[in-house]
């Protein structure tokens, strides 16, 4: 079975190397590059992306993939070769569905939309964003048709972020989450217990924040010998190989949460990338399998581990050591409560663990309505505000704090938002299965340790890279399909405790 | 004249973008990347380099270049289009002369040689390096034949670093430099004046060193808004566009020179790149024209400006402010003398401004002898030591401090060493011409300013990028061919002063 697969693999390696060069151009742009180089850097990134795309969608590549598939003679299983060929067949077919003309128009429109959105948000002027939003929605609709779908157009877009997961499946779990979250939120609000999080809002030396962030990331299991922590305005994680998976943080002189919870979040993403199996290197198998599963790892480390009582019992002393004046008079319990304060709020990225999903469900429902043509762009502010009132009990006083808050709709990224909430659900489900299979995970959690949890994730999630679509991975790892139940059980238990319900 | 040139330009932009992605992979490897990622990063770099090379040497590219040249109908002059097409013709012809088989063998041998050299140097064991050095020399000889030459094989190799400059020309100026330097060195040694440079060898806080380095780089004219200063074990400068030209420094806790002289050196390289004309962007015209001219800019800012009395009279107070305990009791004059101490020594990279060229002349002479077959690799240590004695009056006690000290002969880089000394000569010649044309440069120098000098360099050197080969650039800028005279006049004046001859 040598020849054709080997030729294919060589091409795949080359294309992957090139795509990682493009990823580095992008990482460097956010972390190191002087702003004056923006224009030419975008051209460099565009060129590299185009080479990657053109090399991949070439006729030659298609023939190699099919030749290698024939050579494997229908061999199934989850070995490297059949897994890679199956994934390439999938990626190739999907990549070929977007004609160059569409790709060009999408890039051009999105390029313009970014500046228009930024100005519209700053001026709280939805009307100036509306025309380009209409174009973005139209592109989304066109893209859905180009990709094709069985049941509803949104399926075709969701597929781009959560392979082989349907809108109906997501809707079912989100509806259940909504049905369980609203009464829990109401109970918390009726209980009226005040959680004090003012300790997070003090003056914190930025260099010390970085030291604390490094300490926490390492404690979670992030390997600094195979990574790097930089600074970025909008923190993110990015990897160029399993031995070079990087995180970024942002440091506010008067607010500690981004340095601790934000960095633990990005560490989760990077720990996933660090855990892909070495055999998958330099191929498209060598990364997280979907946006939702990736988010499950960041949420698991940020929330399930990083907002637990045991974690802070173990690690709060380190924070006190770094910030004696700010934290010397508080207890680990004070800190645990502060990072778990529930408070319906307007801005998604500032939302707590419980209400966050409601922000996502709102967007998920609106995106479907936009793509189905049930809501026009012009009517979006009103629809947004109504849903905010229904889900969170508050109405944004401005569109700046409402429909204009997210960057996501400056390109046809419909289908991406739901993966944030899926991440929360997957995280709870992985954790429940892991701690059932390996009960010492719970003991370690109380001691602020993650060794057994990390080993379980390496074995059941990380090492596989993109071998399995998310639903299959979840089924294999947890023995059941995606469900809202572990998440609901998790938040019910936690917030009953935090709010003494 | 539209069509063919425009098509060519589009291809050139793409190839250039890709080459800059490769340059970033390399920069990042030295400055940011975790060491664990070394192996895969080398593969990524190799892939990108191969794409760049293959795209450039393609038949299609050759036809486009010739088509564009025909379209320009023999238009000469130094406008953008004819300059670019001429340069592409030159680069294309040269790139096509190395067959893929040679390129592969060179990469493979050099890859092995690096580790062998590192171990041989550490163990002071020339015999273990000798066999691979023989292969490197043979590759150099083969490369010279592949490129072709008129007078002597070394010409073909020198051409790779100093376009259109012959070995005979370099030999003539180097012989003159040698003839003038040796008596000056002898006079200094006979004078017996002790210059105290112990102030450089104290404990210096590393973070403060970085602040001082930033201050000095900015004072020279390096634009931090279009650059970045990182840390590297072997400092270098690298650019990804004129708006993103970066420097690196190395910080020793007990030795100040690298942070000040080293950073001023790299700033000179980066100032050159920042000064290329915007019209040349995304083409091979958009960088320094040769290794020697590049080195002239680093040496000019490091030495002619940065080791001048006026510079330290103006800027030493800033150093005293940063390091009051270390420098409070010294004067600017003490500091000026310390950074100009002359002392024949074994290691090239630690050599002073006067004896540095002798280290280069030694290598230049030995490289020719190796390539011509007059000296065998086996006889190199002896030849090295004899020349050291003749030129510098000292004999290395070990090969580690002699023939094994440089990394350069781990690949067939014959022809590169002379550009270091050419840089010194060009620097002095540029400075002499600039200060003759704009006498206020001398006044500004006394006040530690570089405004008029920088403007002159921008106009006469930087903006042209690779439009003119070094000899032509020097002729245009200074009104005469390369000469040893300005350099000899400069060092004679400076060291007569420093050593009160």
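Tabulated results
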| read-out | value |
| --- | --- |
| Checklist (1) part of a strand (DSSP E or B); (2) under 25 Å from residue A:354 (Cα atoms) applied to residue A:230, failing item | (2) |
| Single residue of the range B:24-49 satisfying the filter (more than 8 Å from chain A (Cβ to nearest Cβ) and in contact with a strand residue (DSSP E or B) (Cβ under 6 Å, 6 or more places away or on another chain)) that is farthest from residue B:111 (Cα to Cα) | B:31 |
| Subset tally (residues that are surrounded by 24 or more Cβ atoms within 10 Å (Cβ to Cβ), assigned to a loop (DSSP other than H, G, I, E, B) and within 15 Å of the chain's Cα centre (by Cα)) for the range A:395-433 | 2 |
| Total residues in the range B:313-333, condition touching a residue at least 60 places away in the same chain (Cβ under 8 Å) and buried (at least 18 other Cβ atoms within 10 Å of the Cβ) | 6 |
| Number of positions in the range B:126-149 that are in contact (Cβ under 8 Å) with a residue 12 or more places away in the chain and either within 13 Å of residue B:413 (Cβ to Cβ) or not in a helix (DSSP H, G or I) (or both) | 8 |
| Residues satisfying the stated conditions in the range B:55-93, i.e. more than 15 Å from residue B:6 (Cα to Cα) and touching a helix residue (DSSP H, G or I) at 6+ places or on another chain (Cβ under 7 Å) | B:55, B:56, B:57, B:75, B:76, B:89, B:92 |
| One residue from A:269, A:294, A:315 being assigned to a helix (DSSP H, G or I), more than 24 Å from residue A:425 (Cα to Cα) and touching a helix residue (DSSP H, G or I) at 6+ places or on another chain (Cβ under 9 Å) | A:315 |
| Condition check for residue A:346: in contact with a helix residue (DSSP H, G or I) (Cβ under 9 Å, 6 or more places away or on another chain), within 19 Å of residue A:185 (Cβ to Cβ) and surrounded by fewer than 21 Cβ atoms within 10 Å (Cβ to Cβ) | yes |
| Matching option when the condition is under 17 Å from residue A:22 (Cα atoms), modelled with pLDDT of 95 or more and more than 10 Å from chain A (Cβ to nearest Cβ), among B:12, B:57, B:52 | B:52 |
| Residue within the range A:236-251 that is surrounded by fewer than 19 Cβ atoms within 10 Å (Cβ to Cβ), in contact with a helix residue (DSSP H, G or I) (Cβ under 9 Å, 6 or more places away or on another chain), within 14 Å of another protein chain (Cβ to nearest Cβ) and under 22 Å from residue B:36 (Cβ atoms) present | no |
| Unmet requirement for residue B:68, which otherwise passes all of (1) over 23 Å from residue B:161 (Cα atoms); (2) within 13 Å of chain A (Cβ to nearest Cβ); (3) surrounded by 20 or more Cβ atoms within 10 Å (Cβ to Cβ) | (2) |
| Selection from the range B:464-481 of residues that are surrounded by 21 or more Cβ atoms within 10 Å (Cβ to Cβ) and outside any helix (DSSP H, G or I) | B:465, B:466, B:467, B:468 |
| Conditions (1) outside any loop (DSSP other than H, G, I, E, B); (2) closer than 24 Å to residue A:394 by Cβ; (3) touching a residue at least 12 places away in the same chain (Cβ under 8 Å); number of the one not met by residue A:196 | (1) |
| Odd one out for residue A:186 among (1) more than 18 Å from residue A:320 (Cα to Cα); (2) touching a residue at least 60 places away in the same chain (Cβ under 8 Å); (3) over 18 Å from the mean Cα position of the chain (by Cα); (4) in a helix (DSSP H, G or I) | (2) |
| Residues satisfying the stated conditions in the range B:334-378, i.e. more than 21 Å from residue B:145 (Cα to Cα), touching a residue at least 60 places away in the same chain (Cβ under 8 Å) and assigned to a loop (DSSP other than H, G, I, E, B) | B:339, B:340, B:341, B:342, B:344, B:353, B:354, B:355 |
| Any chance residue A:293 is under 25 Å from the mean Cα position of the chain (by Cα), surrounded by fewer than 21 Cβ atoms within 10 Å (Cβ to Cβ), more than 14 Å from chain B (Cβ to nearest Cβ) and touching a residue at least 40 places away in the same chain (Cβ under 8 Å) | no |
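Yes/no matrix, rows are residues, columns are (1) over 23 Å from the mean Cα position of the chain (by Cα); (2) in contact (Cβ under 8 Å) with a residue 40 or more places away in the chain:
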{"residue": "B:190", "(1), (2)": "yes, no"}
{"residue": "B:201", "(1), (2)": "yes, yes"}
{"residue": "B:222", "(1), (2)": "no, yes"}
{"residue": "B:240", "(1), (2)": "no, yes"}
{"residue": "B:244", "(1), (2)": "no, no"}
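Let's see how each residue does on (1) away from chain A (no Cβ under 14 Å); (2) modelled with pLDDT under 95; (3) in contact with a strand residue (DSSP E or B) (Cβ under 6 Å, 6 or more places away or on another chain); (4) crowded, with 17+ Cβ neighbours inside 10 Å:
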| position | (1), (2), (3), (4) |
| --- | --- |
| B:179 | yes, no, no, no |
| B:194 | yes, yes, no, no |
| B:199 | yes, no, no, yes |
| B:210 | no, no, no, no |
| B:216 | yes, no, no, yes |
| B:233 | yes, yes, no, no |
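The values are calculated or read from the model by the stated rules, or taken from the named source; none is laboratory data. It should be emphasised that the depicted structure is a prediction, and the values quoted were computed from it without experimental measurement. FYI the Cβ positions are ideal-geometry reconstructions off the backbone, even for glycines, and counts take in every protein chain you see.
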